[in-house]
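Colleague: Can you keep this structure in mind? I'll have questions shortly.
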Amino acid sequence: MTTGRQVTAGRLSLPQKLGTTRTLQTVRDDTGQVTSRVRRTVLPGGLRVVTEQMAGVRSASIGVWVGVGSRHETPSLHGCSHFLEHLLFKGTSTRSAMDISVDLDAVGGEFNAFTAKEYTCFHERVLVEDVLIAVEVLGVMLTDSLIAADDVEAEREVILDEIAMHDDDPDDVVHNLFAAQAWGDSPLGRPIAGTESSIRALTRAQIVRFYRKHYRAPGMVVAVAGNIDHTSVVRQVRRAFGRNGFLDGGGAPIHPPATTRARAVARGTASTTRPLEQVNLVLGVNGITRSDERRFALGVLNTALGGGTSSRLFQEVRERRGLAYSVYSFASHYVDAGLVGVSVGCLPGRYDEVLAVVREELRKVAEGGITEDELARGKGQLRGALVLGLEDSGSRMSRLGKAELVHDELLSIDEVLARINAVTVEEIRALAEEIFSRPQLLAVVGPS
């Protein structure tokens, strides 16, 4: 746990002029030595650069977070965000795809990207002395991509293969089915990667227009964490992202726009037949948004319900009854919606009993909440996962990027711990009664 004094800026939406820098947080140890400092600079054009200086580490993680994901796609563009993520690795006017790979392999860098419902992230982890080349590669990739016709066709086949791979994974299938049952034919209800038909229909012209519309400085954040100097990083970002007039727009920073409002969770069951040895099911209800102050209470509740080996579901379904190998609960949050659910895989002959047991456990927690012992264990598990997870630069970088791009609030680690510690049994009981009394929906994938 961190100790010492902290300076916290709170809401990230506070006005900040283009070309200025603010210190958001400073953490010192008991001797007064700075152990962590978070600073933000807003460059001309609205590109935000947020860094966390971490003393005593030799690596740095860099992420470019873009405020567009599958949720921002129209039906005719379904899968475009993920398609574009792939294509930005394929070369620029000054670097081929091989050049990009060689540059990063030469310094032993780890390099990847992912597309989510509400954002896309390109990230690297390198030695501190190699931050310059890492930022340079990301900058040229994201601002100067060719999106060549040959690459579009080649990568189309790769993505179709990826979709087929996910279609062979029953856990992916059941969660996609659950989302579709929850949100219907809306962006939240569609699979992030698209479908075979939507990917085959996408044209290069559509992808290029999508790229030019969404990959703009005001909707992007560069987050860097490690033993780095903020001023030096800003200088490198300005150089790497300054080509082609990318930083000349002068626009104020923007957050991902609220797209089609998510409708309430649908009631009922959705199922699909697959020649599998197991039945996979997800049972869930409507949850809460990512800005809801009760998210900390839900985190503790979720942990107590199905977040570890001492949780109710694990003990009842696996340990006491031996009904399934894997059982867990989860909570997902979006800007205007959320889901809470339970995922289980079991033998077909045990499906009815498993479903009955899960429903009974949800009924119990809705009527009685959790015990003081469960509260203490849930808090301890969340605290440990938080602190241990933030001991590497990659986790710190992700924390910065998400806070700046989607959460609009940067809480210090101690503030998060304090909010977890403040959760009470009464708060969880009220939340559990509200959430688990809502209409349930069920998704099932398995043999006929």
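The values are calculated or read from the model by the stated rules, or taken from the named source; none is laboratory data. Keep in mind the model is a prediction, meaning the values are calculated, not measured. With ideal geometry, Cβ positions are generated from the backbone for all residues, glycine too; neighbour counts draw on all protein chains shown.
Colleague: Would you mind stating whether ARG320 is surrounded by fewer than 15 Cβ atoms within 10 Å (Cβ to Cβ) and of a type outside the set (Val, Ile, Thr)?
Modeller: Criteria met by ARG320.
Colleague: Can you tell me which residues in the stretch 335-362 are surrounded by fewer than 19 Cβ atoms within 10 Å (Cβ to Cβ) and over 18 Å from PHE314 (Cβ atoms)?
Modeller: The answer is ASP336, PRO348, GLY349, ASP352.
Colleague: Just one of (1) within 20 Å of the chain's Cα centre (by Cα); (2) over 28 Å from ASP336 (Cβ atoms) trips up ARG290, so point out which.
Modeller: Failing condition for ARG290: (2).
Colleague: Where in the stretch 333-448 are there helices (runs of 4 or more DSSP H), lying wholly inside it, with at least 2 residues that are at pLDDT below 95 and of a type in the set (Val, Ile, Thr)?
Modeller: 413-421
Colleague: Answer yes if at least one residue in the stretch 220-227 is small (Gly, Ala, Ser) and part of a helix (DSSP H, G or I), and no otherwise.
Modeller: no
Colleague: From the residues in the stretch 52-97 that are of a type in the set (Gly, Ala, Ser) and in a helix (DSSP H, G or I), which one is surrounded by the fewest Cβ atoms within 10 Å (Cβ to Cβ)?
Modeller: Among residues in the stretch 52-97 that are of a type in the set (Gly, Ala, Ser) and in a helix (DSSP H, G or I), the one surrounded by the fewest Cβ atoms within 10 Å (Cβ to Cβ) is SER76.
Colleague: Also, I was wondering about something else. Across the stretch 43-73, which residue is nearest to ASN112 (Cα to Cα) among those that are of a type in the set (S, T, N, Q) and modelled with pLDDT of 95 or more?
Modeller: SER61
Colleague: Which of (1) surrounded by fewer than 18 Cβ atoms within 10 Å (Cβ to Cβ); (2) within 18 Å of the chain's Cα centre (by Cα); (3) of a type outside the set (Ser, Thr, Tyr) does LEU127 not meet, given it meets every other one?
Modeller: Unmet condition: (2).
Colleague: Look through the stretch 193-206, keep the residues that are buried (at least 18 other Cβ atoms within 10 Å of the Cβ), out of contact with any Asp or Glu (no Cβ under 7 Å at 6 or more places or on another chain) and aliphatic (A, V, I, L, M), and return whichever of them is nearest to GLY46 (Cα to Cα).
Modeller: Checking each candidate, the answer is LEU202.
Colleague: Checking VAL387 against (1) touching a residue at least 24 places away in the same chain (Cβ under 8 Å); (2) closer than 19 Å to PHE178 by Cα, which single condition isn't satisfied?
Modeller: (2)
Colleague: Same structure again: Within the stretch 3-33, can you find the residues that are surrounded by fewer than 14 Cβ atoms within 10 Å (Cβ to Cβ), in a strand (DSSP E or B) and at pLDDT below 80?
Modeller: VAL7, ARG11
Colleague: For VAL224, indicate whether it is within 19 Å of the chain's Cα centre (by Cα) and modelled with pLDDT of 95 or more.
Modeller: In short, yes.
Colleague: While we're looking at this one, here's another question. Restricting to the stretch 106-125, and then to whatever is among the aliphatic types (A, V, I, L, M) and either assigned to a strand (DSSP E or B) or modelled with pLDDT under 95 (or both), can you tell me which residue is nearest to GLU73 (Cα to Cα)?
Modeller: The qualifying residue nearest to GLU73 (Cα to Cα) is ALA113.
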